[in-house]
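Have a look at the structure below before the remarks.
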Amino acid sequence: MPPARHLVVVAGAEAAVTDALATALRDDGTVRTAYSADALRESLDAEVDVVLVDIDLVDGPVDALLADVRAREFDCQVGVSTPDPERTAAETDAADAVVERDRTAVRETVRWLARRARYRARLEEFYDLSERRAELTDADDDARDRLDRQLDRLRRDLAELFDDLDEGSAFDAALAPDERELGPRGDGDVATDHSNDRTDGA
């Protein structure tokens, strides 16, 4: 399976910092930038895989904005960048990841979030095709063969994506946002660990 390019929205109050992070991410995918909460909301659509919100985008707790992003039901992965990851992780309950405001750390974390997003999208496609196949009659041989080939391709894609995620991350990514165990010390908490060895659900 060839590497997939993803679509990321990077949102921050400081244009220079936001643009620097966006530039660091453009080798891997398409990046939209937003310099206000309203601009972030306007940037969201069903094509977005990852949203990265800087902690300073809003005054006060960022969870209300993250909840608003979730409420739009675009099913993207949500990360928070911050100069103080440990403090932010302890105060934020609605993020899939908390990451230091550093280009290398952000790039790694966005790649991880994008893998989670792609895994979930492939699962949704697999479930949809499986339901369609179950509804076919015995007379639908051509359609069944076509769906079987598509399902085999998706199984291979899912196996490769699973190998790129630890078991806890794959399980968590398979859940809808309102079912995930979002919390300050979840899979996405890369405040002190920039490796892929993450354990609990984000």
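Points worth noting:
- From the list Leu158, Leu151, Leu129, the lone residue that is closer than 27 Å to Arg116 by Cβ, at pLDDT 75 or above and out of contact with any Ser or Thr (no Cβ under 8 Å at 6 or more places or on another chain) is Leu129.
- When Leu147, Leu161 are checked against the criterion of being in contact with a Phe, Trp or Tyr (Cβ under 7 Å, 6 or more places away or on another chain), on the phi < 0 side of the Ramachandran plot and either part of a helix (DSSP H, G or I) or open to solvent by less than 20 Å² (accessible area, probe 1.4 Å) (or both), a single residue qualifies: Leu161.
- Pairs where the first residue, in region 37-63, is farther than 10 Å from Ala11 by Cα and the second is open to solvent by 40 Å² or more (accessible area, probe 1.4 Å) and not in a helix (DSSP H, G or I), C-beta under 7 Å, 6+ apart: Leu44/Arg72; Leu44/Phe74; Asp45/Phe74; Ala46/Phe74; Val48/Phe74; Asp63/Asp93
- Residue list for region 49-92, filter: open to solvent by 20 Å² or more (accessible area, probe 1.4 Å), in a loop (DSSP other than H, G, I, E, B) and out of contact with any Pro (no Cβ under 9 Å at 6 or more places or on another chain): Asp49, Val58, Asp59, Gly60, Pro61, Arg72, Phe74, Pro83, Asp84
- Consider region 97-144 and keep the residues that are among the small types (Gly, Ala, Ser), assigned to a helix (DSSP H, G or I) and open to solvent by less than 60 Å² (accessible area, probe 1.4 Å). The one that is nearest to Ala20 (Cα to Cα) is Ala105.
- Test: residue in region 1-23 that is in a helix (DSSP H, G or I), surrounded by fewer than 20 Cβ atoms within 10 Å (Cβ to Cβ), in contact with a strand residue (DSSP E or B) (Cβ under 7 Å, 6 or more places away or on another chain) and among the charged types (D, E, K, R): yes
- Every test in (1) β-branched (Val, Ile, Thr); (2) open to solvent by 30 Å² or more (accessible area, probe 1.4 Å); (3) outside any strand (DSSP E or B) is passed by Thr33 save one, and that test is (3).
The values are calculated or read from the model by the stated rules, or taken from the named source; none is laboratory data. Not measured: the values here are computed from a predicted model. All Cβ positions, glycine included, derive from the backbone under ideal geometry; neighbour counts span all protein chains shown. Ligands, DNA and RNA are stripped out before the accessible areas are found, and what is left, the full protein with its side chains, is counted by its heavy atoms. Shrake-Rupley method; radii C 1.70, N 1.55, O 1.52, S 1.80 Å.
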